[in-house]
There are 2 protein chains.
Amino acid sequence: MTPLPALAWPTLGYRGLVHSGPTVRVRLDLAYDGTQFSGWAPQPGLRTVAGVLCEALATVLRTDLVRVVVAGRTDAGVHARGQVAHLDVPAPVLDALVARDDGAVGPAVLVRKLARLLPDDVVVHDAQVAPPGFDARFSPVSRRYAYRVCDTRRDPLTRAFVLHHRGLLDVDAMAEATGPLLGLHDFAAYAKPRPEATTIRTLLRFDWHRPDAGPDAGLVVADVEADAFCHCMVRSLVGACLSVGESRRDPTWPAQVLASGQRTCTVAPAHGLTLEHVTYPPDADLAARATQARARRDVPSD
Amino acid sequence: MTPLPALAWPTLGYRGLVHSGPTVRVRLDLAYDGTQFSGWAPQPGLRTVAGVLCEALATVLRTDLVRVVVAGRTDAGVHARGQVAHLDVPAPVLDALVARDDGAVGPAVLVRKLARLLPDDVVVHDAQVAPPGFDARFSPVSRRYAYRVCDTRRDPLTRAFVLHHRGLLDVDAMAEATGPLLGLHDFAAYAKPRPEATTIRTLLRFDWHRPDAGPDAGLVVADVEADAFCHCMVRSLVGACLSVGESRRDPTWPAQVLASGQRTCTVAPAHGLTLEHVTYPPDADLAARATQARARRDVPSD
């Protein structure tokens, strides 16, 4: 997928309206339960997060010209609490939206309007004018995911986002296994191949722990952060560590797999994975960061 | 509903088998996501927790003679993390079950066997021989429920068991409102009427708080505990307090409602409510407690 071209106005849009003129880039912060979605990316005939979101946006903005660009293109069944996206809205479309709504301040009106249209497994928390140079996909300095496992009493109330594992996991061994994976590596062994996509990534954080307080108390949780992730990378890393936690593999094994470059691990189930946070640089660095990330990833696969 | 009669053996059961002899009372500890259930109690043509559980038990025990008695008969949509039930299993049936399973120690084998049959929204955590005098329904000294409300950023991942409330709640006012409700009262104003059912209950605890740590951090949570509850009592109490939290009612209003004996409150939605824990007295007091509770509640409605 190539970077989005600048939208060419005038263009025929929703209900035959013609738009022209400048666009306003809007940043959306959103969350979703991925259970009932075939992932983020639009796919014909399938229910996807982008599909549902774009449909609601088309109704609210009264134009179907808007394309949504996302920070983390989550797979089917993967959740998000801190997803970020952007869309370029023709300025007159945004002006008309604000004019239709008494007291609305800029794109924030989208939050309320989308809430009425979106199903209850997607929530747009915030909508604001993006700072200059902002690109939801290419500006991030990192994405952080959490993978949640329950290896004790199964709680049916959290089963949509926690993997149940039969038998206690050796979390110390799992934590030990992650050390050599940190830093800049070719993660080909932990990526589903995509033609022309680089598999060189910087893994910034990979912590396995068993929190005794907080929302995940009692679970086994991995916090995984990288500049960007290859396709299925987090779930492949988690799969390797689960083998260690089950004592089927030595703690040195995940690093051996990395070095081998050969895919040998099981991909952990999607439903334990949640995109928790996307970190952007200070506003002044947004454009430079986007240029740098685009250059590094000819066919990006974050 | 009258107390269960002693099971009369021999009786024709599952697959035409005839059982006779003594029974073993088994205590089950279980949890469920109430979203897809029409409550606990079996109802023809509806999916209920007891219905699903009894069907699985009939398969495992190879008898459909077993009736399940529960501590808290939750309504449609209400969840449970700490539900307790008992069943009286003919001793030969239990013996045969254990004999079919190498290494099984008593009724604990039920946990593993039920796990293979039950849908993923019900989990039986424990099964053990109940101490003498134990009655899941009449022996408890208290039941504790939690009601969870989110009045800030909606999290789609927890929407099955957290009520979303638009607008910040005044939790201090809600907490203030509960004081006069504690203790022994006639809760008729907070109960859906049931013929001949007493509405006199002892409310042991009713705390509204906004935890800043733990699994409910950021939510508004009510912990509600009583010797037993009338039908819809927790949700009616919660509904009254929500009016206070929204500043539509004064903190003294819930107590005025109680004194009036007239039902005037909205019943809060079921999905925010979870049965968290059932407390039983020391083993020596189980039988006495059951006798006492039975006498007090001619037509019990816990």
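The values are calculated or read from the model by the stated rules, or taken from the named source; none is laboratory data. Source: prediction; values computed, not measured. Cβ atoms come from the backbone with ideal geometry, glycine included; neighbour counts cover every protein chain shown. We work out accessible area using only protein heavy atoms, side chains counted, and drop any ligands, DNA or RNA first. Shrake-Rupley method; radii C 1.70, N 1.55, O 1.52, S 1.80 Å.
Would you call B:Val123 crowded, with 18+ Cβ neighbours inside 10 Å and assigned to a helix (DSSP H, G or I)? Spelling it out, it is not the case that B:Val123 is crowded, with 18+ Cβ neighbours inside 10 Å and assigned to a helix (DSSP H, G or I). When you look at A:Val278, is it of a type in the set (A, V, I, L, M), under 24 Å from A:Thr152 (Cβ atoms), surrounded by 23 or more Cβ atoms within 10 Å (Cβ to Cβ) and touching a residue at least 24 places away in the same chain (Cβ under 8 Å), yes or no? It is false that A:Val278 is of a type in the set (A, V, I, L, M), under 24 Å from A:Thr152 (Cβ atoms), surrounded by 23 or more Cβ atoms within 10 Å (Cβ to Cβ) and touching a residue at least 24 places away in the same chain (Cβ under 8 Å). Scanning segment B:141-173 for residues that are touching a Pro at 6+ places or on another chain (Cβ under 8 Å) and crowded, with 20+ Cβ neighbours inside 10 Å yields a single hit, B:Leu163. Within segment A:109-126, residues that are in contact (Cβ under 8 Å) with a residue 24 or more places away in the chain and within 24 Å of A:Ala160 (Cα to Cα) have Cβ atoms under 7 Å from residues that are among the charged types (D, E, K, R) and buried (at least 16 other Cβ atoms within 10 Å of the Cβ) in these pairs: A:Asp121/A:Asp33; A:Val123/B:Arg154; A:His125/A:Asp29, counting only partners at least 6 apart in sequence or on another chain. Within the span defined as segment B:61-72, one or more residues are surrounded by fewer than 17 Cβ atoms within 10 Å (Cβ to Cβ), touching a residue at least 60 places away in the same chain (Cβ under 8 Å) and not in a helix (DSSP H, G or I).
Scanning segment B:81-115 for residues that are of a type in the set (Asp, Glu) and in a strand (DSSP E or B) yields a single hit, B:Asp88.
The number of residues in segment A:233-268 that are charged (D, E, K, R) and closer than 15 Å to A:Thr178 by Cβ comes to 3. Might you check whether a residue that is in contact (Cβ under 8 Å) with a residue 60 or more places away in the chain and closer than 24 Å to A:Arg159 by Cβ occurs anywhere in segment B:186-199? The answer is no; no qualifying residue exists. If you go through segment A:130-156 and keep only what is out of contact with any helix residue (DSSP H, G or I) (no Cβ under 7 Å at 6 or more places or on another chain), under 24 Å from A:Ala76 (Cβ atoms) and within 13 Å of chain B (Cβ to nearest Cβ), you end up with A:Ala146, A:Cys150, A:Arg154, A:Asp155, A:Pro156. Within segment A:200-216, restricting attention to residues that are in contact (Cβ under 8 Å) with a residue 12 or more places away in the chain and of a type in the set (A, V, I, L, M), the residue that is least open to solvent (accessible area, probe 1.4 Å) is A:Leu203.
In this entry, B:Gly239 passes the filter for residues that are more than 14 Å from chain A (Cβ to nearest Cβ), open to solvent by less than 10 Å² (accessible area, probe 1.4 Å) and of a type outside the set (A, V, I, L, M, F, W, C).
Condition first: more than 19 Å from B:Val221 (Cβ to Cβ), assigned to a helix (DSSP H, G or I) and either within 14 Å of another protein chain (Cβ to nearest Cβ) or among the hydrophobic types (A, V, I, L, M, F, W, C) (or both). Now tell me which residues in segment B:157-203 satisfy that. Once the filter is applied, which keeps residues that are more than 19 Å from B:Val221 (Cβ to Cβ), assigned to a helix (DSSP H, G or I) and either within 14 Å of another protein chain (Cβ to nearest Cβ) or among the hydrophobic types (A, V, I, L, M, F, W, C) (or both), segment B:157-203 yields B:Ala188, B:Ala189.
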